[in-house]
Amino acid sequence: MTDISVVTTQYQSENRSWLLSEHGTEPGTTPGVTLDISKFVAGTHYPNGYIPSGTVIGLVTATGLYGPYDPDGNDGRETATGILFGSLPVRTGSTKVGGAQVVHGFVAETKLPFASAAVGTEGRLDAAAKADLPLIHFA
């Protein structure tokens, strides 16, 4: 029997308004990353099912996977490694998702998705993260 039921799919419109120029996003300049979904909080980091581009990320040294930058962490994520280049979908049951990070370029820090202190510190840019990312110019 053929299934002809209606299926709804949700899409995310990309918002890279935080990126001030294409410099640093040319092919081969955005290193690949695999995110550890367990390090992200559903209601905070992906309330609509997508981790937004512009999230500041760090490397979990024990696993080689990435999570949101955490200035208070002790698993490696206390050092920012880059900024997530594209929004990534988080499917129910998924534990990892692949993407890319911006490691140099020009960024409007007030347009990053977690610029507000109201969302907590994970995934947000602070003075220490800026120091960890010397090849990114923040305006």
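Of note:
- Listed values for the stretch 18-29 are Karplus-derived 3J(HN,Hα) couplings in whole Hz (6.51 cos²θ - 1.76 cosθ + 1.60, θ = phi - 60°), namely 6, 8, 7, 7, 7, 4, x, 10, 4, x, x, 10, and x replaces Gly and Pro.
- Label zone at Ala108 (point 7 Å along Cα-to-Cβ), backbone N below 11 Å, the stretch 14-39: 16-21
- Within the stretch 21-112, GluC sites (Glu not before Pro) in DSSP loop having at most 16 other beta-carbon neighbours inside 10 Å: Glu22, Glu78
- Using the Karplus relation 6.51 cos²θ - 1.76 cosθ + 1.60 with θ = phi - 60°, the per-residue 3J(HN,Hα) values for the stretch 67-79 come to x, x, 3, 9, x, 9, x, 9, 10, x, 6, 6, 10 Hz, with x marking Gly and Pro.
- Under a model in which nothing but the beta-carbon of Lys, Arg (+1) and Asp, Glu (-1) is charged, the stretch 1-122 shows a dipole of about 180 debye around its Cα centre.
- If you plug the beta carbon distance of Val41 and Ile4 into 1/(1 + (r/R0)^6) with R0 = 35 Å, you get a FRET efficiency near 0.40.
- Cβ-defined net charge surrounding Arg16, 11 Å radius [Lys, Arg +1; Asp, Glu -1]: -1
- Integer Hz, Karplus 6.51/-1.76/1.60 couplings in order for the stretch 50-58, x for Gly and Pro: 10, 7, x, 4, x, 6, 6, 10, x
- Here the extension length gained between Lys130 and Gln12 equals 39.7 nm, from 0.36 nm per residue of separation less the Cα-Cα distance.
- Binning the alpha carbon pair distances of the stretch 38-128 at 10 angstrom intervals from zero yields the distribution 17, 55, 27, 1, expressed in whole percent.
- Under 5 Å from the amide H of Val33 lie the amide H atoms of Gly99, Ala100, Gln101, each residue being 5 or more positions distant or on a separate chain, with H modelled from the backbone and absent for Pro and chain starts.
- Structure-based [θ]222 nm, the chain - -39500 (n - 2.57) summed over DSSP H runs of at least 4, per residue, nearest 500: -1500 deg cm²/dmol
- Ligands, DNA and RNA left out, the accessible area of the chain computed with a 1.4 Å probe is 54% carbon and sulfur.
- Remark: the chain carries 54 Å² of accessible area per residue (probe radius 1.4 Å; ligands, DNA and RNA excluded).
- Within the chain, percent of DSSP bridges classed antiparallel, to nearest 5: 80 percent
- Solvent-accessible area of Arg124, all protein chains in place: 50 Å² (probe radius 1.4 Å, heavy atoms, ligands and nucleic acids excluded).
The values are calculated or read from the model by the stated rules, or taken from the named source; none is laboratory data. Here the structure is a predicted model, which is why all the values come from computation and not from measurement. Positions of Cβ are backbone-derived with ideal geometry, glycine not excepted, and every protein chain shown enters the neighbour counts. The accessibility values were calculated without ligands, DNA or RNA, using every heavy atom of the protein model including side chains. Shrake-Rupley method; radii C 1.70, N 1.55, O 1.52, S 1.80 Å.
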